[in-house]
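Each reported figure results from applying straightforward, stated rules to the coordinates on display, with no laboratory input. In this text, all values refer to a predicted model and were calculated from it rather than measured experimentally. Heads up, the Cβs are rebuilt from the backbone with ideal geometry, glycines too, and the neighbour counts pull from every protein chain shown.
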Ligand SMILES: [Zn+2]
């Protein structure tokens, strides 16, 4: 398995790691700061620096899949095109420096955290989610219309309040006993270890949002900065799409 350092510290920009092997879809390291596509959040891009100083450009990050198509504990660093000559220089046990494109990742963390604030403003269940560096969108299972200006004002208020984020964990049994904690109908929390990672915004006494989530977030809502609702679409009779963008 790959030790996923971003789960305990989303602010790590680089780490030393050992090269394990090349999978047909990407490079496997023993540990990494690269977040693999999942939970609606895009995979990281960046570079792997070789011992001789040369760098392999990484275009995307994915979870490896087993024969049945289920994700495994291995993380695949997907090389950009034309990196083959550098790949052949890698030998098992080689130490590389894995470095993410931090500017891009920080945008993903800010948007991702903003989607949790949207879950506070719109209590209906989520049935779709996509977080990219340029926009984020959440689909809510609902029939009522939503007000773009009111949602943007709500976001700005929550961002400016400077609510802290706290990473925690609950057991699978606790989650089973509280199914309402899972706000997404499309993304199931990552299980398998007996506990599920949780993200709380605000304090236990004044909780803004609390839900299982395996993604990367900023430490305080103020760090989200100037996010606005750019569009609200009626995706279907019982689905409303909220699109977030950067204020210009
Ligand atoms: Zn999250």
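Classified by the C-alpha gyration tensor, region 45-122 has an oblate form. Its axis ratio a/c, with a ≥ b ≥ c, is 1.5 or above, and a/b does not exceed b/c.
Taking a ≥ b ≥ c as the square roots of the eigenvalues of the Cα gyration tensor of the chain, is the shape rounded (a/c under 1.5), prolate (a/b larger than b/c) or oblate? Prolate, because a/c is 1.5 or more and a/b exceeds b/c. The C-alpha atoms of the chain define a longest principal axis, and helix 102-121 lies at about 30 degrees to it. Our summary gives region 1-111 a relative contact order of 32 percent, counting only alpha carbon pairs under 8 angstrom and 6 or more residues apart. When only Cα pairs below 8 angstrom with a gap of at least 6 residues are kept, the chain shows a relative contact order of 19 percent. For region 195-248, the gyration tensor built on C-alpha atoms gives an oblate shape. Its axis ratio a/c (a ≥ b ≥ c) is at least 1.5, and a/b is not larger than b/c. Of all DSSP beta bridges confined to the chain, the antiparallel ones make up roughly 95%. Relative contact order of region 104-246, taken over Cα pairs closer than 8 Å and 6 or more residues apart, is 33 percent.
Distance from the Cα centroid of region 151-181 to that of region 199-241 is 8 Å (rounded to whole angstrom). Highest-first packing order for the peptide set 173-182, 32-41 is 32-41, 173-182, based on the mean count of other beta carbon atoms within 10 Å. Note on region 149-248: Cα-Cα pairs beyond 24 Å make up 35% of the total pair count.
With springs only between Cα atoms under 10 Å, which of 21, 191, 47 fluctuates most in a Gaussian network model of the chain? Maximum fluctuation in the GNM of the chain, among the listed residues, is at 191.
One Cα centroid belongs to region 49-81, the other to region 94-113; the line between them spans 14 Å.
Okay, helix-only estimate at 222 nm for the chain: each DSSP H run of n ≥ 4 adds -39500 (n - 2.57), divide by all residues, round to 500 deg cm²/dmol; what do you get? Value at 222 nm, helices only: -5000 deg cm²/dmol. Angle of helix 148-160 to the longest C-alpha principal axis of the chain, folded into 0 to 90 degrees and rounded to 10: 70°. Rounded to the nearest 5, the antiparallel percentage of DSSP beta bridges internal to region 104-246 is 95%. In units of the rule-of-thumb radius 2.2 N^0.38 Å, region 3-100 shows an alpha carbon radius of gyration of 0.99.
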